[in-house]
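S.K.: Have a look at this one before I ask anything.
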Amino acid sequence: MPAAWIALGSNLGEPAVQLRAAVNAIGLLAQTRVTARSGVFASSAVGPGQQPNYLNAVICVATELGPLDLLDALQAIEQAQGRERSVRWGPRTLDLDILLYGEQQIRSTRLQVPHPAMAQRHFVLYPLADIYPGDQPLPGLGSLANLLAQCPAVGLTRSTVTLDYDLPHPREPLT
Ligand code: ROI
């Protein structure tokens, strides 16, 4: 079953609550199981303008949903958790990005995988490193160790907050 890696971010409302609710909702998707979750990281906002600090994390799912069905499902969760999309690069209650989907490289208008900005984003790479297999190159991007070496963790700290999500037993049937 394909493994997909999903980045989570929030800097409005109660970010820890938002991230936990999102992981729970993802774990309830049809034909999908959460197989790993990173620690939670606090980061100052990257991008233009002033905005509150973020909490960021990364999870891995095993899923029978194709990439676009997974994207639809993640966007529905963002909407259900009250995401406003008023300002590009602006603060958000919940941001869910597909970082990687198996070995696939997808360049469509709706979905680009690997996520085109991930190599420059410490708030994605460091959480990913908590759970990504060390010996496995990222499709088209090379080793994670190399990406980390080129992306200093400035303004990024490991939070004491956790996602609080119990991983299901690997042999539990998918529903
Ligand atoms: N900055 C941080 N630190 N974390 C994010 O999740 C995040 N998401 C974004 C932008 C606005 C690029 N900056 C961010 O979309």
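Every number here is computed from the coordinates shown, using simple stated rules; none is lab data. For clarity, every value in this text was computed on a predicted model and none was experimentally measured. In this analysis, Cβ positions are derived from the backbone assuming ideal geometry, glycine residues included, and neighbour counts consider all displayed protein chains.
S.K.: Does anything in the stretch 1-36 have its amide N under 14 Å from the 7 Å Cα→Cβ label point of SER143, and if so which residues?
M.R.: The answer is none, because no backbone nitrogen lies closer than 14 Å to the label point.
S.K.: Residues in the stretch 42-69, backbone N under 18 Å from the label point at GLN104 (7 Å along the Cα-to-beta-carbon vector): list them, ranges by number please.
M.R.: It comes to 59-69, nothing else.
S.K.: While we're here: Using a Gaussian network model on the chain with a 10 Å cutoff between Cα atoms, which of PRO91, PRO127, PRO116 fluctuates the most?
M.R.: PRO116
S.K.: Turning to a different aspect of this structure: Which residues does a label at MET1 reach in the stretch 28-43, if reach means a backbone N under 17 Å from a point 7 Å past the Cα toward the Cβ?
M.R.: Counting backbone N atoms under 17 Å from the label point, the list is 28-37.
S.K.: For n ≥ 4 DSSP H runs only, could you compute -39500 (n - 2.57) per run for the chain, divide by its residues and tell me the 222 nm figure to the nearest 500?
M.R.: Here the helix-only value at 222 nm equals -7500 deg cm²/dmol.
S.K.: Take the Cβ-Cβ distance between GLU172 and GLN136 as r, set R0 to 25 Å, and report the resulting FRET efficiency rounded to the nearest 0.05.
M.R.: Efficiency, from the Cβ-Cβ distance: 0.55.
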